[in-house]
Structures are given as C-alpha cells and as structure tokens.
Amino acid sequence: PPKKITIRDQNGNYIQNSTIGPYDQNTDVILTCESNGGVPPPTLQWYKNGVMIDGSYVVGDNGIVSNELIIYKISTHDLYDKYVCQAGNYNSTSSTPIEAFVILDINLLPIDVRILTNRTRLLAGRKIDIHCQTYGSKPDAIIKWFRNDKQLMHSM
C-alpha cells in the first residue's frame, strides 16, 4: 500500500489537511499531490466535493507518483470547495487508500456596486448625499471616491 501522501501549492509549500488561501478570484490555483510506496506504485485521484475530477498521474524515476491539478480562474463557485487527493493500490484487496485534502478560500470581487442618493433631481448649489453600496465581496470592499480622476479624501 502507499506509505505517504502530500499536497503542495504552486510555490512548493506543503498545505494538506487545511484551508488554503485566500487566493484572488479569477486566478489559477495549482495543487500537486505526491505519494510513494507500494507495489505496484499507487494511483492518484483528485476529488472535488466527493466527485472524481482527475485520475491522471505520473510515476517518476524515483518511484514518487504525482498528479498536478490546475483549477482555472477560480470563482465564487469554488469558495470553500474541498479537494481530496487519494492514493491507492487497487490491485490489492487488502490495501486501504490514504488521502489528504485542502479547502479553498478565495478573495471575492464585489458582485454589484451601486451609487445611491435620496434625491431624484439635482439642483446647482444644493447639497446632495451620495452613498456607495457594494455586496458579494469577501472581504468587504474598500470604497474610494474619485472626482475627475483624483481621489477625494473628505466629503465636499
């Protein structure tokens, strides 16, 4: 049976059995699962929320089996998804698969941004309150106001 299983991120950091990120929305996430031990070498499979998504793997000259998973353009649909890599020797009836997992955390962009006011008509020389409202972001959006491409620091 396989002896050990590990998951690394695109920087080579070992990250298994934890929440990873947060990664920025619309970026790619690369996860590499590795295992060794067993005759024949183990197979590696990636599962997303319990559904197998990748069963390809490569056996290196050193006997280490690896499977690289690329999650393209992560989005709100990927938030807190659980990715499990499972190593098993399915030619043996006595072999129990071993696994490692990661849970994906993502910084999300706002879904909507609105400028709100309580007035329907604007009159020259009259004060008006304008509010900016966003939702759907994680963490909360940082709101900045600009006038003619210059950031406003105070209300006018």
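Structure summary
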| quantity | calculated |
| --- | --- |
| Selection count, segment 42-90, where residues are among the hydroxyl-bearing types (S, T, Y), part of a loop (DSSP other than H, G, I, E, B) and buried (at least 19 other Cβ atoms within 10 Å of the Cβ) | 1 |
| Those residues of segment 6-64 which are among the acidic types (D, E), touching a strand residue (DSSP E or B) at 6+ places or on another chain (Cβ under 7 Å) and without any contact (Cβ under 8 Å) to a residue 60 or more places away in the chain, in sequence order | D9, D28, E34, D54 |
| Checklist (1) loosely packed, with under 10 Cβ neighbours inside 10 Å; (2) within 23 Å of C33 (Cα to Cα); (3) touching a strand residue (DSSP E or B) at 6+ places or on another chain (Cβ under 9 Å) applied to L104, failing item | (1) |
| From the options T76, T117, residue that is at pLDDT 95 or above and among the polar types (S, T, N, Q) | T76 |
| Extreme residue, surrounded by the most Cβ atoms within 10 Å (Cβ to Cβ), among residues of segment 1-41 that are of a type in the set (G, A, S) and at pLDDT 95 or above | S35 |
| Residue in segment 75-91 that is within 11 Å of the chain's Cα centre (by Cα), on the phi < 0 side of the Ramachandran plot, of a type in the set (V, I, T) and not assigned by TED's automatic domain parsing to the domain that holds D129 present | yes |
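The values are calculated or read from the model by the stated rules, or taken from the named source; none is laboratory data. All values reported here derive from a predicted model rather than from experimental measurement. Cβ sites come from the backbone with ideal geometry, for glycine too, and all protein chains shown count toward neighbours.
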